[in-house]
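Read the structure below first, then the notes.
The values are calculated or read from the model by the stated rules, or taken from the named source; none is laboratory data. Every value quoted in this text rests on a predicted model; they were computed, and no experiment measured them. We place every Cβ from the backbone using ideal geometry, glycine too, and count neighbours over all the protein chains shown. Please note that ligands, DNA and RNA were not included when accessible areas were found on the heavy atoms of the full protein model with its side chains. Shrake-Rupley method; radii C 1.70, N 1.55, O 1.52, S 1.80 Å.
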Number of protein chains: 2
Amino acid sequence: MSHPEPLRTPPSENCSIVGTVDALGDSWSILVLRELFFGVHRFNDIQRDLDISRSVLTNRLNRLVDLGVAKVVPYQEPGDRARSEYRLTRKGVALLPVMVALMQWGDRYLNDGNGPVALRDRATGEAVRLELRTGDRPVEPNEIVPTVNT
Amino acid sequence: MSHPEPLRTPPSENCSIVGTVDALGDSWSILVLRELFFGVHRFNDIQRDLDISRSVLTNRLNRLVDLGVAKVVPYQEPGDRARSEYRLTRKGVALLPVMVALMQWGDRYLNDGNGPVALRDRATGEAVRLELRTGDRPVEPNEIVPTVNT
DNA sequence: GAATCTCAGTTCGTTCGACGAACTCAGAGT
DNA sequence: ACTCTGAGTTCGTCGAACGAACTGAGATTC
């Protein structure tokens with residue numbers, strides 16, 4: 001934390017953070033992903049939940065589909081015509097750690113330590129948390145240093 | 001992944017993801033944080049690295065300081081006048097999991113499995129990774145379900 | 001078989017923030 | 001006095017977000 005300088009890695013070029021951020025780093029994309037994670041899959045539902053402009057929502061959903069993070073799936077409510085909804089692909093589900101990281105930070109620093117939502121193991125019901133680890137033990141953020149892969 | 005509906009949690013109100021996202025969810029804030037994590041602390045250095053407009057950079061740095069995520073620290077290069085640079089606070093360092101989550105996803109899905117940067121334990125030099133865990137074992141993203149805290 | 005309802009999108013005028021080049025400012029060196 | 005450097009500020013332009021209204025497909029109702 002104090003001064004032991006963390007290597008001053010060249011952070012510019014093709015760092016994965018840059019790639020991920022300009023693929024889906026804008027606020028709406030992340031919030032739309034949150035909806036999909038939480039089981040809200042339909043255009044109007046997402047639009048109402050987020051209070052997002054319909055044109056922007058169309059744009060973001062298309063972007064997520066183009067990226068292969070979400071996919072269009074047909075559904076049909078009984079006595080209604082066939083429509084489309086959006087679901088996460090495997091690639092999209094793999095973004096869960098990003099969501100959890102945002103959530104845990106917000107829980108701690110914006111909601112005094114405990115937020116309104118918790119994640120649980122579907123099978124056991126146990127709480128799930130996100131952890132930085134090395135080998136077999138947890139590491140604190142300030143013990144970590146970035147290095148360049150050769 | 002397939003159809004076992006994940007509870008359809010009411011995701012609207014005061015969810016921590018929303019809070020975190022509209023505090024610092026825009027792309028530039030995240031990229032500025034990346035610079036700070038990687039040891040780039042000075043205005044001109046960040047501006048050049050990111051190729052960000054100077055006015056926007058000023059705005060984002062001020063926002064991060066207002067949020068308590070970064071702080072202004074004076075420095076003085078020998079034979080030059082005193083100037084200011086930006087460093088992460090504890091609250092800012094706590095955002096490392098967000099950065100790592102973005103990085104790991106990008107490494108896997110945008111860079112074929114291995115990115116240019118790795119994180120290591122400062123003491124041992126061992127690689128650090130981010131993991132979803134419950135109790136004492138890792139969990140896969142698709143085994144996880146959101147629940148409401150009562 | 002015309003009218004109506006629902007949900008998913010599109011259109012388009014307004015508004016707001018990003019972009020970027022040029023400018024300002026403080027202080028140390030020459 | 002002049003210059004040099006790093007950290008901002010200014011301001012005109014331009015593109016993206018906003019939001020209210022419109023379109024369109026198919027199923028139900030009268």
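Provide a whole-number value for the mean count of partner chain Cβ atoms within 10 Å of the Cβ atoms in peptide A:36-48. If you can, show how the numbers build up before the last one.
Working: counts 2, 8, 11, 8, 5, 2, 0, 0, 0, 1, 1, 0, 1.
Across the residues of A:36-48, the mean count of other-chain Cβ atoms within 10 Å is 3.
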- [ ] State the Kirkwood hydrodynamic radius of the range B:16-143 in Å, one decimal place, computed from all pairs of distinct Cα atoms.
- [x] 16.6
TODO: Go through B:TYR109, B:PRO141, B:GLY68 and say which Cα lies farthest out towards the positive end of the charge dipole of chain B; charges sit on Cβ, +1 for Lys and Arg, -1 for Asp and Glu.
DONE: B:GLY68
Open item on the list: Could you compute how much accessible area chains A and B hide from each other, both sides summed, with a 1.4 Å probe? Nearest 100 Å² is fine.
Closed with: 8300
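When the dipole is taken about the Cα centre of the protein assembly as shown, and only Lys, Arg (+1) and Asp, Glu (-1) are charged at their Cβ, what size is it in debye, to the nearest 20? Kindly include the intermediate steps, with their values, before the conclusion.
Working: 38 positive and 40 negative charges, 43 e Å.
Computed about the Cα centre, the dipole is about 200 debye.
Note down the Stokes-Einstein diffusion coefficient of the protein assembly as shown in µm²/s, whole number, using a Kirkwood radius over alpha carbon pairs, 10 °C, and 1.306 mPa s.
Working: Rh = 20.2 Å.
The diffusion coefficient I find is 79 µm²/s.
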Task: Per-copy distances of the B:ASP80 label point, shortest first, in nm (7 angstrom along Cα→Cβ) - done: 6.2
- [ ] Please give the average number of partner chain Cβ atoms lying within 10 Å of the Cβ of each residue in A:57-65, rounded to a whole number.
- [x] 0
Open item on the list: Taking a virtual spin label 7 Å from the Cα of B:ASP22 along the C-beta vector, which residues in the range B:62-77 bring their backbone nitrogen under 12 Å of it?
Closed with: none
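Quantify, in whole percent, the carbon and sulfur part of the accessible surface of chain A (1.4 Å probe; protein heavy atoms only). Don't skip to the end; give the middle numbers.
Details: 3550 of 7290 Å².
For chain A, the apolar C and S fraction of the accessible surface comes to 49 percent.
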- [ ] Subtracting the Cα-Cα distance from 0.36 nm times the residue separation, let me have the gained length for B:THR147 to B:TYR75 in nm, one decimal.
- [x] 21.2 nm
